[in-house]
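Asks: Supplied in structure tokens, the structure appears directly below.
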Amino acid sequence: MSQVVYDMRELKRARYAVAAVFAVHGAVTGSFATRVPWIQDHAGLSTGQLGFALAFTALGASVSMPLAGRISHRFGSRTALRGLLALWTLALLLPSQAPNLLSLCLAMFTFGATAGMADVAMNALGVEVERGLNKSIMSSLHGMWSAGALVGSAAGTVAAHLGTDARLHHSLAAVALTVLGLVACRWVLDLQATEDEEPPRFALPPRSALLIGAVGFCAVFAEGASLDWSAVYLQDELGSSAGLAAASTTGFMLTMAVARLVGDSVVNRFGAVRTVRVSGVLAVLGGLLIVVADHPAVAMTGFALLGLGIAIVVPLCFAAAGHSGPNPSQAIAGVATITYTSGLIAPSAIGTLAQATSLMVSFGLVTVLACGVAAFAGVLRAGDRDRPKVSPPAAAVPGPRP
């Protein structure tokens, strides 16, 4: 296994470049999410049909993610990320063009597939930069994703308020984000496979990645439940106004974004395991406040604490997966598949349980899963700050600089 030595200036430049890639990736998601009502009306879909079509996003991502490692092996990490990110930004054009349910399902499958492959490629490169710097950066990278999503959603909100056709809005956004993504990819690390190395095979992720993914599953379940149901909880359970309910969801998103942007300094000081354990405790406390809340302010505080507690768990899961074995892309793909699945089932699971019991009981389940984050934080030890310096795989040799 050969050692790759990077120039510190190259590593710092690559860190900023991959951070920009994360922001572009998030901006696509934010741009799409704000125009879902327009897409639903354009395709003439019921709520149930829309939910069915959106499920194809996670299906496409789950099927495609394991392919990202082979693509990076074949073309090198920089070229692979450049192509996969461009496919993702251009896929933003597809959903708003769909005139019916079948075409929207196909569009969302493609949308999810390109999102998943780009996600794996950029997280693998983020782990490589983190390895070279020997300090945590994954939290801030995911914070940049959240910031990009907020910017994209803000622009989408303005476009929706002005009554702009989503096809025009998404065409302009796709072009702008594709250009930004291609520019950013120019300075990411370029890892090339050696001639005698076999490409990674399509295989199940290692057991270590499954355990790490289980922690990520708990965090993403809480995130999905809060994003989709926090406003409904405040309105239906506590009788708050629509504006106050919406503010709770916005506050949850902002709390997560801020926590991710500053999380690396905490991880570098205390380590991934201790940070996630404390984060899990905060998430449990937030869940308990939501369940026992008798006033909107108490529930809003609970959602804020829940967002603070789960914000950096997924970034640290990706980091731990990338450091857990000789094939970072395969491990990251395994964790990403599990977390995408959690994000898919969480909203419907919360709704089904709430219909049978109540939303209070549903968020009791979220609180129980938050306990799992705190209890099983030890599986993230591979990504801890105090791990010994690890050499990258033999395949990872830097290519020519731009």
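Each value in this text was obtained by applying a stated rule to the coordinates, not by laboratory testing. Keep in mind the model is a prediction, meaning the values are calculated, not measured. Virtual Cβ from ideal backbone geometry, glycine too; neighbours counted across all protein chains shown.
Asks: Step through the residues of the stretch 264-277 one at a time and calculate ³J(HN,Hα) from phi using the Karplus curve (6.51 cos²θ - 1.76 cosθ + 1.60, θ = phi - 60°), rounding each to whole Hz and writing x for Gly and Pro.
Replies: Those phi angles translate into 4, 5, 5, 5, 5, 7, 10, x, 5, 5, 5, 4, 5, 4 Hz.
Asks: At what distance in nm do the modelled label points of A154 and V232 sit from each other, each positioned 7 Å from its Cα along Cα→Cβ?
Replies: 2.9 nm
Asks: On a full-extension model of 0.36 nm per residue, what is the gain between T47 and I345, subtracting their alpha-carbon distance, rounded to one decimal in nm?
Replies: Taking 0.36 nm per residue and subtracting the Cα distance, the gain is 105.6 nm.
Asks: Counting only C-alpha contacts under 8 Å and six or more residues apart, can you give the relative contact order of the stretch 38-106 as a whole percent?
Replies: With pairs under 8 Å counted, the relative contact order is 61 percent.
Asks: In addition: Multiply the residue gap between V258 and L102 by 0.36 nm, knock off their C-alpha separation, and tell me the result in nm, one decimal place.
Replies: Computed gain between V258 and L102 is 52.3 nm.
Asks: While we're looking at this one, here's another question. Using only alpha carbons, build the gyration tensor for the chain and give me the equivalent ellipsoid semi-axes, biggest first, whole Å.
Replies: Computed over the chain, the values are 33, 26, 18 Å.
Asks: Given the rule -39500 (n - 2.57) for each run of at least 4 DSSP H residues, summed and divided by the residues of the chain, what is its mean residue ellipticity at 222 nm, to the nearest 500 deg cm²/dmol?
Replies: That comes out to -26500 deg cm²/dmol.
Asks: Between N134 and R74, what is the FRET efficiency for a Förster distance of 25 Å, r being their Cβ-Cβ separation, to the nearest 0.05?
Replies: Step by step, r from the Cβ atoms, then E = 0.30.
Asks: If you fit an axis through the alpha-carbon atoms of helix 166-185 and take the longest principal axis of the Cα set of the chain, what angle between them do you get, 0 to 90°, nearest 10?
Replies: Orientation of helix 166-185: about 30 degrees from the principal axis.
Asks: So, one more: For S241 and R274, calculate 0.36 nm times their separation in residues minus their Cα-Cα distance, and state this gained length in nm to one decimal.
Replies: 8.0 nm
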